[in-house]
Amino acid sequence: MTVKIPDQVISCSNFINGAWVKGEGQSHSIVSPYNGKKIGEVFPPTIDQIKIAIKAASAAQVEWGRTPLKERARVLFNFRNILLRDLDKISHLKSSESGKTFEEGKAGLMKGLEVLEFALSLQNMDVGGRMEVSRGVSCEYRRIPLGVVANITPFNFPAMVPMWTIPICLALGNAYIWKPSDKTPLTSIEIANALKEAGLPDGLFTVLHGGAETVDAIIESPEVKAVGFVGSTKIAKLVYTKTTSLGKRALCMGGAKNHIVLLPDANPDLAGVGISDSFTGCAGQRCMAASVLLAVGDVDKHIAKIFDRASSLKLGKDMGAIITRAQRDFLVEAIGRAEKAGAKILLDGRKAKAPEGMEEGNWIGPTILDNIQAGSEAQAVELFGPILSIIRCKDITEAMSIQNSSEYGNACSVFTNSGTLSERVIREAKAGMVGVNVGVPVPREPFSFGGIAASKFGSGDITGEHSLDFWSDVKKVTVKWEKQNDSNWMS
Ligand code: NAD
């Protein structure tokens, strides 16, 4: 379906204590990557407005923290139904501001709903635990909320990334502060309205716009107990360092440079589709996108399949746009630099034409660069666009050494028919998420999401079971009601 780009400018305020509050900070415009037209005006809050918002969140959290998990889950269940009802509307909006295709916008929201379903299942799964540890004495686990928690999210998944944490944090009894990307803030309007309609009490969900100033004010608020961040490695590290220096917990997901190991025995059809879709999906603007292809031995027939699929994509229909004109220009220049350094350009996205009527958008086509050298910009630097860099490797040992030279550790995949060789990649890859014959190895719920190395600062994961201890505390309760006659070393 073609993305319906808003034909009027959407005014984007802050959601504070259950109401939309126009920020008195410096406003800025949002333009659609599709056609360069203004579709929104955002009004970030002042520091005083942020303080008021967080105080309201903290006050609202007290009662929410006392509300039984099963009751909190009821609100989230309503939220799920509203998002499903409005799926198309939200998908059009988030695609308009981020440059995704409509189908990608929808898929991102569906993945967010999967996390919501995981959060709903906590009411039946996360039952804590209790046992009699000595005669008449019991120990018990109780999961308790932290209070107010905050999340800062990137442009590339305006709904999915916030939905990684919104349902889990709220289900666990926290109040949630969201600082959406300053490039894609409009989707937050739909998410906040859906939570309000679902019956979430005022104050428990807050949206504050802006950039570094807003983030700093959130981190420094005494009421904010934990900060989640998803974005580039540079800012992830910054937010992690600031937050933890204040004695607060932080979990900050950073950038990526994902490598795929392609072995000659791989199924060419599976590899062709899997690898092409991985580097072209969301126009390469996802932290799980394939970026480097480690081509081991003679895999030319596989590369031909990747080429065929990537070169058949139609811009604006099968592949979306790049978030900003500056980023699009950066990609064009990076291709030029690789060419100068000796790369053979198998597919040149610089030559791709913008879709009709969208000439002012930020377009570049899928690009395949062959004969890339290990250690070059095309291998080592996160470009964040639809560019696949091929490095020819003599064997799997060389491929794994290049893969593991990356500072990042988000994802790595292998395409092969050999269980033994795939197991070697799974074991040796320095990556938090590994795929076998899967181009985008995003774990499905309830398996958690998270990289390692420079792709993540902090411990645990941002979704799934491995996120629960980050977004809550575990209280240990030991109870005795009567004096016991049998004393032991504990008594
Ligand atoms: P970004 O780091 O520029 O921005 C992320 C967030 O930080 C935004 O909300 C932004 O407004 C805010 N921000 C910007 N400058 C800041 C500063 N100085 N101090 C505090 N906050 C600041 O990232 P982006 O360009 O929006 O997103 C793309 C990046 O996100 C890529 O590197 C991609 O790999 C990464 N990403 C990672 C994951 C993951 O799970 N590891 C998922 C999605 C995207």
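The values are calculated or read from the model by the stated rules, or taken from the named source; none is laboratory data. Just so we're clear, the structure is a prediction, and the values are computed from it rather than from any experiment. Here Cβ is always computed from backbone atoms with ideal geometry, including for glycine, and neighbour counts include all displayed protein chains.
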In a loop (DSSP other than H, G, I, E, B), over 22 Å from E104 (Cβ atoms) and of a type in the set (A, V, I, L, M) - does that describe any residue in region 348-361?
-> no
Return yes or no: is L93 within 17 Å of C169 (Cβ to Cβ), aliphatic (A, V, I, L, M) and modelled with pLDDT of 95 or more?
-> no
Check region 416-423 and report whether any residue there is part of a helix (DSSP H, G or I), of a type outside the set (K, R) and under 19 Å from K301 (Cα atoms).
-> no
Region 381-420, residues that are of a type in the set (A, V, I, L, M) and either over 23 Å from the mean Cα position of the chain (by Cα) or at positive phi (or both) = I390, I391, I396, A399, M400, I402
In region 446-462, what residues are in a loop (DSSP other than H, G, I, E, B) and surrounded by 19 or more Cβ atoms within 10 Å (Cβ to Cβ)?
-> S448, F449, G450, G451, A454, S455, G458, D461, I462
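How many residues, within region 189-211, are touching a Pro at 6+ places or on another chain (Cβ under 7 Å) and closer than 14 Å to A150 by Cβ? Walk me through how you get there before you give the answer.
Taking region 189-211 and keeping what is touching a Pro at 6+ places or on another chain (Cβ under 7 Å), we get 191, 207-210.
If we keep only those that are closer than 14 Å to A150 by Cβ too, we end up with 207-210.
Of the residues in region 189-211, 4 are touching a Pro at 6+ places or on another chain (Cβ under 7 Å) and closer than 14 Å to A150 by Cβ.
Hey, any hits in region 278-288 for a residue that's within 21 Å of I426 (Cα to Cα) and within 12 Å of the ligand (Cβ to nearest atom)? Steps first, answer last, please.
Step one: list which residues in region 278-288 are within 21 Å of I426 (Cα to Cα), which gives 278-279, 287-288.
Checking which are within 12 Å of the ligand (Cβ to nearest atom) leaves us with 287-288.
Among the residues of region 278-288, at least one is within 21 Å of I426 (Cα to Cα) and within 12 Å of the ligand (Cβ to nearest atom), which makes the answer yes.
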Conditions: (1) more than 22 Å from T184 (Cα to Cα); (2) touching a Leu at 6+ places or on another chain (Cβ under 6 Å). D48 meets all but one. Number of the miss?
-> (2)
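Within region 297-346, how many residues turn out to be part of a helix (DSSP H, G or I) and more than 16 Å from the ligand (Cβ to nearest atom)? Explain how you work it out, then say what you get.
The initial filter retains those residues of region 297-346 that are part of a helix (DSSP H, G or I), namely 300-311, 325-340.
Remaining after also requiring more than 16 Å from the ligand (Cβ to nearest atom): 300-311, 332-333, 335-340.
Here the count works out to 20.
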Considering only region 90-171, give the strands (runs of 3 or more DSSP E) lying wholly within it that have at least 3 residues that are within 30 Å of I323 (Cα to Cα) and of a type in the set (A, V, I, L, M, F, W, C).
-> 148-152
In region 433-491, how many residues are among the aliphatic types (A, V, I, L, M), within 12 Å of the ligand (Cβ to nearest atom), without any contact (Cβ under 8 Å) to a residue 60 or more places away in the chain and in contact with a Ser or Thr (Cβ under 6 Å, 6 or more places away or on another chain)?
-> 0
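Condition check ((1) surrounded by fewer than 24 Cβ atoms within 10 Å (Cβ to Cβ); (2) of a type outside the set (S, T, N, Q); (3) within 20 Å of the chain's Cα centre (by Cα)) across all residues:
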position	(1), (2), (3)
S291	no, no, yes
L294	no, yes, no
D300	yes, yes, no
A310	no, yes, no
G316	yes, yes, no
T324	yes, no, yes
Q327	yes, no, yes
E333	yes, yes, no
R337	yes, yes, no
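In this structure, does F415 turn out to be within 25 Å of S232 (Cβ to Cβ), of a type in the set (F, W, Y) and crowded, with 17+ Cβ neighbours inside 10 Å?
On the way: within 25 Å of S232 (Cβ to Cβ): no; of a type in the set (F, W, Y): yes; crowded, with 17+ Cβ neighbours inside 10 Å: yes.
It is false that F415 is within 25 Å of S232 (Cβ to Cβ), of a type in the set (F, W, Y) and crowded, with 17+ Cβ neighbours inside 10 Å.
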Top-ranked residue of region 230-256 - restricted to ones that are near the ligand (Cβ under 7 Å from one of its atoms) and under 12 Å from the mean Cα position of the chain (by Cα), ranked as surrounded by the fewest Cβ atoms within 10 Å (Cβ to Cβ) | S232
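Okay, residues lined up against (1) more than 18 Å from the chain's Cα centre (by Cα); (2) at pLDDT 95 or above; (3) among the acidic types (D, E); (4) within 16 Å of the ligand (Cβ to nearest atom):
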site	(1), (2), (3), (4)
S181	no, yes, no, yes
L186	no, yes, no, yes
I191	no, yes, no, yes
E197	yes, yes, yes, no
T214	yes, yes, no, yes
E223	yes, yes, yes, no
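Within region 83-106, can you find the residues that are surrounded by 18 or more Cβ atoms within 10 Å (Cβ to Cβ) and either without any contact (Cβ under 8 Å) to a residue 60 or more places away in the chain or over 30 Å from G361 (Cα atoms) (or both)? Outline the logic, then answer.
Of all residues in region 83-106, those surrounded by 18 or more Cβ atoms within 10 Å (Cβ to Cβ) come to 83, 90-102, 104-106.
Hits for region 83-106 are S91, K106.
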Considering residues that are within 16 Å of the ligand (Cβ to nearest atom) and part of a strand (DSSP E or B), the number found within region 199-209 is 2
Name the residue, out of S448, S422, S413, that is closer than 30 Å to D348 by Cβ and at pLDDT 95 or above.
-> S413
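Please go through region 206-218 and pick out each residue that is of a type in the set (A, V, I, L, M) and touching a strand residue (DSSP E or B) at 6+ places or on another chain (Cβ under 6 Å). I'd like the intermediate steps shown before the answer.
Of the residues in region 206-218, the ones of a type in the set (A, V, I, L, M) are 207-208, 212, 215, 217-218.
Matches in region 206-218: V207, L208, V215, I218.
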Is there a residue in region 385-408 that is closer than 28 Å to A352 by Cβ, touching a residue at least 24 places away in the same chain (Cβ under 8 Å) and among the basic types (K, R)?
-> yes
